[in-house]
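Report on the following structure.
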Amino acid sequence: MAALSGIERNEYGFLKKRSQWSEAIAEALALSDGLVLTAAHWEIICFMQGYYDDYKHQPNARLFAKAIKNTLGEEKASSIYLYTLFPDGPLKYANKYAGLPIPPSCI
Amino acid sequence: MQEFLDIVLMASAFDQRVVLVFEGDGIYALMKDQQAEVLDLKDNSLIFNALSIYDINDISVEKESMQARSISVDQLLIPVITSSRHELKQRLQLADQVFSL
Amino acid sequence: MKISLQINASPYQHQAADSAWHFIQAAILSGHDICRVFFYHDGVFNALRDSRPPGDERDVVKRWSELHAKHGVDLVVCVSSAQRRGLLEQTVAKKLGGYQSALADGFRIAGLGLLMEALIDADRHITFGD
Amino acid sequence: MLYIINKNPSQSLALKNCVDQAIAGDAILLIENAVYAAINTAQSTLLQSLDDQVSVYALTPDLQARGIGLNQCYARIEPVDYAGFVMLVTEHQPVRSCF
């Protein structure tokens, strides 16, 4: 995938440097996982980036759900909703497309 | 500190009522303007700002410890309640589990 | 009474693992139920499969494995503490077929959720170490 | 409340903080290196300022392992073995390990 050439990634396919992140990179990463990002995906991805910038913290799955519930609302925090968006794991893949490190609980 | 805070946050994720008490030198953890990055460390103090989104709002500092260190609440990262040693002891006494760091 | 424990320090450097082990022996003798031992912070080093202390010293890791074998005590190693400290070295773990291989017999790897579960379930939770 | 202290007062303020906080009915248990605080010396006045209604225990095996005889300890120190430790844990709520 041309967009991803020259982008440093770790063994899990996560960006090594957030400075290399862009929306186009996020879309390319998702596409290589067979996913087309929609506004609903972006809402979670942007939430993830904002959370990290504010708190320098990576939540685990339970905390992630609680943080989403208390900021974006209950319906966005349901597993069904989140897994429909990111079938292979909402926390892991939202972080991946956000250009953030892989959360310790997702390895 | 990071790993200790993980316990605090998880307790909230398990819908436990969390009371955070800062006493002694523990108060220094709440100081504003920490620049951990000069030591190439991640700034763990920012996570205190996230406590409210996990519904952890019951955060107290011990009055005697604040006075002994000449620290005022406006030097702290987050809003806190100042309570006496005696009041805090009575609250801890009611806890099911107490964790110290 | 149901009692859970948490061990926050590495063996040999700190007395925590010894204190906890003696405490557990006495608690079991008194008829109490040790429902879980949760290894956190440097406590995860209590689970190192390849630990080989000199033959004339107590073997802390083996002692835990035996405690599990004899009394079925649930020994849980915190996944994020372990990862941070290299206990679950990725390539080795994968090659040997999963994380479990890094841990001595009787230990299992899990998240903080199991600590919370123990805290809620147990009548008392006792922390050893720093 | 049962306070479990595992550090010598020269390593940590944990014991001092407990002495300041403890109230009638509380108990303090000294284990590991904290058992050094049980020794009655002219310098160690810490336990003397403690409320009479607070019990102070020291773990006997930890005293023995460090060569501390009961005759060296404060009169108010009550020795307990591990079974006594377990008993203290069951009799007090909450239990707090202080560092």
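The values are calculated or read from the model by the stated rules, or taken from the named source; none is laboratory data. Fair warning: this is a prediction, and the values are worked out from it, not measured in the lab. Using ideal geometry, Cβ is built from the backbone for each residue, glycine included, and neighbour counts are taken over all protein chains shown. Note: accessible area is taken over every heavy atom of the protein model, side chains too, but ligands, DNA and RNA are not part of it. Shrake-Rupley method; radii C 1.70, N 1.55, O 1.52, S 1.80 Å.
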Yes/no for B:Asp74 being more than 14 Å from chain D (Cβ to nearest Cβ), at pLDDT 95 or above and surrounded by fewer than 18 Cβ atoms within 10 Å (Cβ to Cβ)
yes
Checklist (1) away from chain C (no Cβ under 14 Å); (2) in contact (Cβ under 8 Å) with a residue 12 or more places away in the chain; (3) open to solvent by 50 Å² or more (accessible area, probe 1.4 Å); (4) part of a helix (DSSP H, G or I) applied to D:Pro79, failing item
(4)
Any residue at all in the range D:57-75 that is free of Cβ contacts under 8 Å to residues at least 12 places away in the same chain and at the interface with another protein chain (Cβ under 10 Å from one of its Cβ atoms)?
yes
Mind listing whichever residues of the range D:82-93 are free of Cβ contacts under 8 Å to residues at least 40 places away in the same chain and open to solvent by less than 20 Å² (accessible area, probe 1.4 Å)?
D:Gly84, D:Val86
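Out of all the residues in the range B:14-26, which are within 14 Å of chain A (Cβ to nearest Cβ) and over 11 Å from C:Leu112 (Cα atoms)?
Correct list: B:Asp15, B:Gln16, B:Val18.
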Those residues of the range D:39-73 which are assigned to a strand (DSSP E or B) and exposed (fewer than 11 other Cβ atoms within 10 Å of the Cβ) amount to none
Please specify each residue of the range B:27-54 satisfying the condition of being at the interface with another protein chain (Cβ under 10 Å from one of its Cβ atoms), open to solvent by 30 Å² or more (accessible area, probe 1.4 Å) and either part of a helix (DSSP H, G or I) or under 25 Å from B:Gln67 (Cα atoms) (or both).
B:Glu37, B:Asn44, B:Leu46, B:Asn49, B:Ser52
Within the range B:1-15, work out how many residues are surrounded by fewer than 16 Cβ atoms within 10 Å (Cβ to Cβ) and assigned to a loop (DSSP other than H, G, I, E, B).
2
Got a number for residues in the range B:77-91 being part of a helix (DSSP H, G or I) and buried (at least 17 other Cβ atoms within 10 Å of the Cβ)?
2
Those residues of the range B:60-70 which are open to solvent by 20 Å² or more (accessible area, probe 1.4 Å) and in contact with a helix residue (DSSP H, G or I) (Cβ under 8 Å, 6 or more places away or on another chain) amount to B:Lys63, B:Glu64, B:Arg69
Here the residues within the range D:10-31 that are in a loop (DSSP other than H, G, I, E, B), surrounded by fewer than 20 Cβ atoms within 10 Å (Cβ to Cβ) and of a type outside the set (S, T, N, Q) are D:Leu13, D:Ile23, D:Ala24, D:Gly25
Give the number of residues within the range A:44-71 that are out of contact with any Pro (no Cβ under 8 Å at 6 or more places or on another chain), crowded, with 18+ Cβ neighbours inside 10 Å and within 16 Å of B:Asn44 (Cα to Cα).
4
Would you confirm, using the coordinates I've provided, whether A:Gly6 is farther than 30 Å from C:Ile109 by Cα, open to solvent by less than 40 Å² (accessible area, probe 1.4 Å) and more than 13 Å from the chain's Cα centre (by Cα)?
no
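Somewhere in the range D:27-37, is a residue touching a residue at least 24 places away in the same chain (Cβ under 8 Å), facing another protein chain (nearest Cβ under 9 Å), in contact with a strand residue (DSSP E or B) (Cβ under 7 Å, 6 or more places away or on another chain) and of a type outside the set (Ser, Thr, Tyr)?
yes
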Starting from the range A:63-87, take each residue that is at positive phi and in contact (Cβ under 8 Å) with a residue 24 or more places away in the chain and list its partners that are open to solvent by 50 Å² or more (accessible area, probe 1.4 Å) and not aliphatic (A, V, I, L, M), counting only C-beta distances under 8 angstrom and pairs at least six apart or across chains.
none
